[in-house]
Amino acid sequence: MAAPISIRNVSRRFGDNWALRPVDLEIAAGEFIALVGPSGCGKTTLLRIVADLQDPSSGEVRIGEDSAAEARRKRLLGLVSQRPAVLPWKRAIDDVRFTQKIAGRVGFDPAKVLAEFGLAGHENKRARELSGGMLQRVNIASAMAHDPSVLLMDEPFAALDEMKREEIGEWFDRELSVRPKTVLFVTHHIDEAVMLADRLLVFSPAPGRVIEVVSVPVPRPRSHAFRQDARFVAIAAHVRGLLMHQAAA
């Protein structure tokens, strides 16, 4: 079951340098939030704080009723990195089972999840036998296999070419309608964020701060046709304008 996330006055500094200015945000259960901004603006820092991989300098994160540390210990979080974190000597289905073993919880049947992810017939293949898109599907299946409440995704489609990136993104959006999760999604790709997210947090250049929260008032999942929708074009242009203005300033 998806869980809400509460980010309260969360900041991070290293010595005299701010990596992330204070952020306050309430994320509803099942909501998809994209973090958008230039490199070094604090997007991944915020994601890592929510994942309990880094301590904040101020503030706190709550996952439902739990702290970030408690949520991590309870295996309520799933983490998807930029490059597929698969084990080259393992079969795809064993990668999914390995996550369940670490989590100590079997949320979904691995074979069924892989089949639903378009990998029926590929369950017994190793990493070298799978395409980049297939590997990333295995990566996401592994992160979801123990049925976490929250998915934390750091540039998960960045290693894919543009067409495959769009295809995997739209596929992932459809999967979330079947297996709802609360998603925090880091990306540099504005169109991707507008296509997938309910809201975008737009960050300034370092020291990072949220300059605007932009809503996408169109229900998910969204079809490929939404990319030509006037609302998509207007929102993407608005976000680009915000980032260009900040860069110029």
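Worth pointing out:
- Selection status of residue 82, within 25 Å of residue 178 (Cβ to Cβ) and either among the polar types (S, T, N, Q) or open to solvent by 10 Å² or more (accessible area, probe 1.4 Å) (or both): yes
- Scan of the stretch 35-48 for residues that are among the polar types (S, T, N, Q) and either without any contact (Cβ under 8 Å) to a residue 12 or more places away in the chain or open to solvent by 30 Å² or more (accessible area, probe 1.4 Å) (or both), ordered by number: 39, 44
- Residue within the stretch 148-160 that is within 30 Å of residue 8 (Cα to Cα) and among the aromatic types (Phe, Trp, Tyr) present: yes
- Checking residue 149 against (1) on the phi > 0 side of the Ramachandran plot; (2) buried (at least 16 other Cβ atoms within 10 Å of the Cβ); (3) not aliphatic (A, V, I, L, M), the condition it does not meet: (1)
- Among the conditions (1) surrounded by 16 or more Cβ atoms within 10 Å (Cβ to Cβ); (2) under 14 Å from residue 37 (Cβ atoms), residue 240 misses just one, which is (1).
- A single member of 155, 123 is modelled with pLDDT of 85 or more, surrounded by 15 or more Cβ atoms within 10 Å (Cβ to Cβ), of a type in the set (Asp, Glu) and under 16 Å from the mean Cα position of the chain (by Cα), and it is 155.
- Of residues in the stretch 160-185 being in a loop (DSSP other than H, G, I, E, B) and open to solvent by 60 Å² or more (accessible area, probe 1.4 Å), the one farthest from residue 219 (Cα to Cα): 161
- Residue-level check: of (1) open to solvent by 10 Å² or more (accessible area, probe 1.4 Å); (2) in a strand (DSSP E or B); (3) in contact with a Gly (Cβ under 6 Å, 6 or more places away or on another chain), residue 20 misses just (1).
- Tabulated pairs, the stretch 228-243, first touching a residue at least 24 places away in the same chain (Cβ under 8 Å), second of a type in the set (Phe, Trp, Tyr) and open to solvent by less than 40 Å² (accessible area, probe 1.4 Å), C-beta under 9 angstrom, 6+ apart or interchain: 232/226; 243/203
- Scanning the stretch 192-230 for residues that are touching a helix residue (DSSP H, G or I) at 6+ places or on another chain (Cβ under 9 Å), outside any loop (DSSP other than H, G, I, E, B) and either of a type in the set (Asp, Glu) or open to solvent by 50 Å² or more (accessible area, probe 1.4 Å) (or both) returns 192, 212, 215, 224.
- Qualifying residue in the stretch 49-56 (condition: farther than 22 Å from residue 167 by Cα, open to solvent by less than 20 Å² (accessible area, probe 1.4 Å), modelled with pLDDT under 95 and not acidic (Asp, Glu)): no
- Residue match in the stretch 6-15 (condition: aromatic (Phe, Trp, Tyr) and either under 20 Å from the mean Cα position of the chain (by Cα) or buried (at least 17 other Cβ atoms within 10 Å of the Cβ) (or both)): no
- Checked against (1) within 15 Å of residue 185 (Cα to Cα); (2) more than 16 Å from the chain's Cα centre (by Cα), residue 22 meets all criteria but (1).
The values are calculated or read from the model by the stated rules, or taken from the named source; none is laboratory data. Just so we're clear, the structure is a prediction, and the values are computed from it rather than from any experiment. Virtual Cβ from ideal backbone geometry, glycine too; neighbours counted across all protein chains shown. Side chains are part of the model used for accessible areas, which takes the heavy atoms of the whole protein and leaves out ligands, DNA and RNA. Shrake-Rupley method; radii C 1.70, N 1.55, O 1.52, S 1.80 Å.
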